[in-house]
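Peer 1: Quick one: this structure, given as structure tokens, is what I'll be asking you about.
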Amino acid sequence: MSRILLLVELKGGNDGLNTLVPYADPRYRELRAGIGVSRERVVQLDEKVGLHEKLLPLMDSWRAGDLAIVQGVGYPYPNRSHFRSIEIWDTASAASQTLSEGWIAQTFRGARLGKGIGVDCIVADTNALPSTGPSLRTIVMQDAENFLRQANGVAAESAMNDGGNPALRHLLAVRQEINAAAAGLRDRLRDAPAPAEAYPQELLLGRQLDLATRVLSASVPVVAIKVALGGFDTHANQTPTHERLLGFLASNLAVLRRNLIAANLWKDVVVMTYSEFGRRAKQNASGGTDHGTSAPQFVMGGGVKGGLYGAYPSLSDLQDGDLRHTVDFRNVFATLARDCWGQSYDFGLRQPQRLDFLAQ
Amino acid sequence: MSTRLRRRSFVGGAAAFSAGLSTGLWSVAPARATLAMGFDDARHLLSRTSFGMTPAEIRSLETVAYASAVDRLLTNPRREAMTPAPDWIGMGPAELQRRQKSAEAQRKQGVDGKVLEVMLPVREQGRELRNWWVEEMITTDQPLVERMTLFWHGHFTSSLMKVRHPSSLFRQNALFRREALGNYASLLRSVARDPAMLIYLDGRGSVARQPNENFARELLELFTLGEGRYGEADIKAVARAFTGWSVDRESGQFVEHPDRHDDGQKTFLGKSGRFGGDEILTILLAQPRTAEMIVEKLWREFVSLKPDPAEVTRLAGGFRQGGYEIKPLMRALLLSAAFRDPANRGALIKSPVDLIVGSVRVLGLPVPEKTGLVRMLQGLGQVPFDPPNVKGWAGGESWISTYTLLLRQQFLRRMIEATSVAPMDGGMRMADRPNRRADRREQLPAAETMQMMDPPRPVEGRSLRNAGNEVRLGPTLAGVDSAVLLQTLLPRQPVDGVDASGTAGAIVAAALLDTAYQLK
């Protein structure tokens with residue numbers, strides 16, 4: 001069994017409390033007196049929590065039973081720096097530990113991957129840390145068009161143009177290797193059908209998901225693809241920004257789902273959202289929220305067993321004003337490692353508690 | 001349509017177009033020995049002895065005769081850093097350990113069940129130390145001294161990871177800087193007594209009863225003779241000779257314990273006597289191979305990837321007979337025909353320090369907080385004070401893999417964008433500027449805690465071509481015409497092609513991202 005993981009990084013720290021809303025908890029109204037999502041704008045999932053109405057496009061997936069929501073995901077001794085915290089997530093490290101190898105690369109340490117077309121991971125945004133490491137070949141296609149164009153140029157010239165300069169010859173050889181991957185991609189992508197339904201192009205995520213869909217339809221043998229949506233760092237006047245981002249995220253993921261179902265690929269893909277942290281439980285004085293800790297993650301895909309996982313963090317037992325996490329993100333990663341790729345890596349957890357959101 | 005720029009070659013100040021395309025190398029001005037060296041020679045000299053030279057720096061040198069320029073580089077080398085030293089450099093290892101333990105205990109204990117964010121002094125001092133050196137490399141008025149200091153650090157490696165006492169590494173760095181262009185023999189003698197080295201290669205615990213061979217082996221293999229030029233018995237003799245050289249726990253200073261020294265008879269490289277450490281070093285310094293090894297390494301650092309054996313022998317002979325003075329050796333190296341050979345221009349791969357420090361300098365980027373730069377260096381495989389192992393950085397071609405090449409491009413892109421998008425000093429407060437900007441560009445989240453430029457860190461949103469048009473050139477590059485910009489930034493013709501009709505910013509962006517920018 002092998003599935004392709006599609007990572008969706010929500011950059012800036014997504015406000016979990018206004019994403020998966022604990023609408024039934026009176027503490028929520030107290031903490032979020034100004035920016036709380038009102039009861040009638042919550043799409044109820046069970047007697048305690050519901051989605052922000054802007055996430056309505058995800059309800060097809062929820063009803064079909066292929067949307068899992070893992071609640072309260074975080075890690076001990078949370079760090080509230082954007083960079084440090086995303087690094088902790090991306091390298092699956094403990095808060096006190098600095099690692100340089102990404103968690104997906106760690107998962108594949110010592111594993112034998114097929115030669116494929118010279119690329120194992122495609123990163124469509126700029127942060128390639130999750131797949132960074134010697135075990136995987138990652139191509140960052142921040143600007144696919146430019147990447148392929150450059151690849152073309154060098155491939156044509158390199159053979160004749162090192163001028164007897166060994167340093168340049170080496171550089172060109174490495175470029176060649178990158179370009180071989182790019183060429184493989186290009187050939188596959190050229191023949192890939194356009195997605196059945198176009199993605200909203202308003203923000204970059206749409207373009208990135210378009211690329212991801214083509215990569216998947218072209219059967220490029222990768223283990224992961226990564227896209228990102230930025231702008232979640234809502235310190236002030238949060239509501240309009242956050243609602244717009246949620247709406248955009250949901251509509252894009254809904255299009256992705258329909259496209260992959262149409263291409264008969266939905267069962268082979270697992271989509272997971274993540275963010276460096278959630279936000280402070282209590283709103284701040286500027287109608288926004290400051291950096292916090294745990295938040296929910298969405299996991300979607302044809303092989304996903306829908307429903308709520310983990311426990312919603314208590315709003316009356318805050319730690320330093322923040323939600324206490326109930327699920328360590330490394331357990332989510334360990335689940336994916338096993339159920340996407342058949343790898344038993346446990347990310348240094350003493351007792352990994354894998355969740356059960358993926359069909360074996 | 002993109003026009004490929006051919007590099008102009010300046011002959012005595014007059015511009016002439018070269019036919020560089022046919023050979024793949026910029027053509028060179030015919031030598032006019034005592035006259036102005038011209039742009040290309042000046043550029044080449046600076047590219048190997050400085051970090052990220054600016055057009056103004058090249059211009060100020062091009063009118064000078066080559067030999068005088070070399071002499072100027074070597075005259076009155078700075079023997080101390082300009083950047084003020086961190087304030088903890090007097091702290092001995094014992095005191096640091098005490099503070100470290102108490103911080104660890106404090107962190108574990110916490111207050112009211114809450115774990116405290118405690119600064120661990122070893123880590124914090126290490127961070128400050130790396131930042132200190134990166135700052136010195138960026139701001140120094142004598143980059144060649146920094147290059148030489150880094151060279152000696154890569155030769156006589158010691159790492160924070162093992163030593164865990166940043167003050168010792170600082171003092172070792174001060175030693176390398178003091179002797180950067182001084183004398184190799186005295187440098188070697190000082191290194192053998194250097195506390196960081198004594199900790200790094202376990203000399204401090206080496207006693208007559210139980211000599212430790214770690215330093216002895218590396219002294220022969222890496223610092224002087226090279227592998228295969230001595231036997232195991234030689235290593236044992238050397239280990240015995242250095243017993244008793246140690247480090248005082250409280251002060252962190254070198255200390256000699258005569259009672260722990262083995263003063264018995266030893267045989268080393270065919271010579272016998274009751275050798276101590278200094279006698280061993282004297283014997284090693286008399287070996288031609290010691291000088292050759294240093295010259296070969298310097299050649300790879302400054303001239304080309306492939307040392308010329310005859311030249312190495314010649315230069316090494318002079319080096320040894322001249323009592324291991326470094327300055328005359330460097331002078332001879334920089335004046336050598338090989339150094340000035342056009343075939344050796346752009347024939348070295350930039351180290352991560354070259355790339356990162358050089359790009360910051362040439363772009364004139366203000367980077368008050370250096371931690372982000374150090375993390376870039378870490379991603380690219382060259383953290384100051386933490387060489388990967390006792391052999392130091394392998395350098396050369398090993399700097400470039402598919403991963404590091406892409407990462408280099410990413411960091412360069414990041415720096416280009418930093419000129420117009422993200423301030424290098426840690427971003428703005430979002431509260432002051434609500435999310436409009438972030439919405440529009442999906443820029444990375446900014447906050448007061450944010451630091452610029454960790455390894456693969458996003459400044460996303462626009463394609464490079466657009467970024468190029470938005471590049472704001474600092475005073476180092478502003479107002480310089482396109483051809484000179486290219487000539488300054490690239491050691492040879494662009495490999496990937498640069499659109500000469502673009503804005504100056506777009507040309508700088510394209511040059512930085514051209515494969516040729518990886519060369520020096």
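The values are calculated or read from the model by the stated rules, or taken from the named source; none is laboratory data. The model shown is predicted, which means the values in this text are computed figures rather than measured ones. All Cβ positions, glycine included, derive from the backbone under ideal geometry; neighbour counts span all protein chains shown.
Peer 1: Tally time: how many residues in the stretch A:74-86 are away from chain B (no Cβ under 11 Å) and either in a helix (DSSP H, G or I) or at pLDDT below 85 (or both)?
Peer 2: Of the residues in that region, 0 qualify.
Peer 1: Let me ask something else. For B:Val367, state whether it is part of a loop (DSSP other than H, G, I, E, B) and assigned by TED's automatic domain parsing to the domain that holds B:Leu406.
Peer 2: So B:Val367 fits the description; yes.
Peer 1: Moving to a separate point now. Just to be sure I understand, how many residues within the stretch A:218-244 are away from every other protein chain (no Cβ under 14 Å) and modelled with pLDDT under 95?
Peer 2: Residues meeting the conditions: 5.
Peer 1: Let me ask you something else. Considering only the stretch A:118-134, state which residues are in a helix (DSSP H, G or I) and in contact with a Lys or Arg (Cβ under 8 Å, 6 or more places away or on another chain).
Peer 2: A:Pro130, A:Ser131, listed by residue number.
Peer 1: Using the structure shown, decide if B:Leu355 is touching a residue at least 24 places away in the same chain (Cβ under 8 Å), in contact with a Leu (Cβ under 8 Å, 6 or more places away or on another chain), in a helix (DSSP H, G or I) and farther than 27 Å from B:Gln125 by Cβ.
Peer 2: Taking the combined requirement at face value, the residue does not satisfy it.
Peer 1: If you check B:Leu74 against the conditions, is it at pLDDT 95 or above and hydrophobic (A, V, I, L, M, F, W, C)?
Peer 2: It is true that B:Leu74 is at pLDDT 95 or above and hydrophobic (A, V, I, L, M, F, W, C).
Peer 1: Out of curiosity, is B:Ser190 modelled with pLDDT of 95 or more, touching a helix residue (DSSP H, G or I) at 6+ places or on another chain (Cβ under 7 Å), among the polar types (S, T, N, Q) and surrounded by 17 or more Cβ atoms within 10 Å (Cβ to Cβ)?
Peer 2: yes
Peer 1: Quick one: which residue in A:Leu17, A:Leu55 is within 20 Å of A:Asp328 (Cα to Cα) and part of a helix (DSSP H, G or I)?
Peer 2: Result: A:Leu17 is the single residue among A:Leu17, A:Leu55 that is within 20 Å of A:Asp328 (Cα to Cα) and part of a helix (DSSP H, G or I).
Peer 1: Assuming A:Trp89 fulfils every condition listed in (1) more than 17 Å from the chain's Cα centre (by Cα); (2) within 17 Å of A:Phe329 (Cα to Cα); (3) of a type in the set (Phe, Trp, Tyr); (4) not in a loop (DSSP other than H, G, I, E, B) apart from one, which condition is it?
Peer 2: (1)
Peer 1: Would you confirm whether or not the stretch A:38-48 contains a residue that is touching a Pro at 6+ places or on another chain (Cβ under 8 Å) and either assigned to a loop (DSSP other than H, G, I, E, B) or not assigned by TED's automatic domain parsing to the domain that holds A:Asp90 (or both)?
Peer 2: So far as the stretch A:38-48 goes, yes, one or more of its residues are touching a Pro at 6+ places or on another chain (Cβ under 8 Å) and either assigned to a loop (DSSP other than H, G, I, E, B) or not assigned by TED's automatic domain parsing to the domain that holds A:Asp90 (or both).
Peer 1: Another question about this same structure. If only one of A:Leu265, A:Leu249 is more than 11 Å from chain B (Cβ to nearest Cβ) and without any contact (Cβ under 8 Å) to a residue 60 or more places away in the chain, which one is it?
Peer 2: Step by step, each of A:Leu265, A:Leu249 is checked, and only A:Leu265 is more than 11 Å from chain B (Cβ to nearest Cβ) and without any contact (Cβ under 8 Å) to a residue 60 or more places away in the chain.
Peer 1: Right, here's the next one. Restricted to the stretch B:490-507, and to residues that are in contact with a helix residue (DSSP H, G or I) (Cβ under 6 Å, 6 or more places away or on another chain) and in a helix (DSSP H, G or I), which residue is nearest to B:Leu363 (Cα to Cα)?
Peer 2: Within the stretch B:490-507, the match that is nearest to B:Leu363 (Cα to Cα) is B:Gly505.
Peer 1: Based on this model, can you work out whether A:Val215 counts as surrounded by 17 or more Cβ atoms within 10 Å (Cβ to Cβ) and within 11 Å of chain B (Cβ to nearest Cβ)?
Peer 2: Against the criterion (surrounded by 17 or more Cβ atoms within 10 Å (Cβ to Cβ) and within 11 Å of chain B (Cβ to nearest Cβ)), A:Val215 does not qualify.
Peer 1: State which residue is farthest from the other protein chains (Cβ to nearest Cβ) when the search covers only the stretch A:317-359 and only residues that are charged (D, E, K, R) and under 19 Å from A:Ala95 (Cα atoms).
Peer 2: Among residues in the stretch A:317-359 that are charged (D, E, K, R) and under 19 Å from A:Ala95 (Cα atoms), the one farthest from the other protein chains (Cβ to nearest Cβ) is A:Asp346.
Let's see how each residue does on (1) under 14 Å from A:Thr19 (Cβ atoms); (2) aliphatic (A, V, I, L, M); (3) not assigned by TED's automatic domain parsing to the domain that holds A:Arg257:
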| residue | (1), (2), (3) |
| --- | --- |
| A:Asn284 | no, no, no |
| A:Gly288 | no, no, no |
| A:His291 | no, no, no |
| A:Gln297 | yes, no, no |
| A:Gly302 | no, no, no |
| A:Leu308 | yes, yes, no |
| A:Ser314 | no, no, no |
| A:Asp317 | no, no, no |
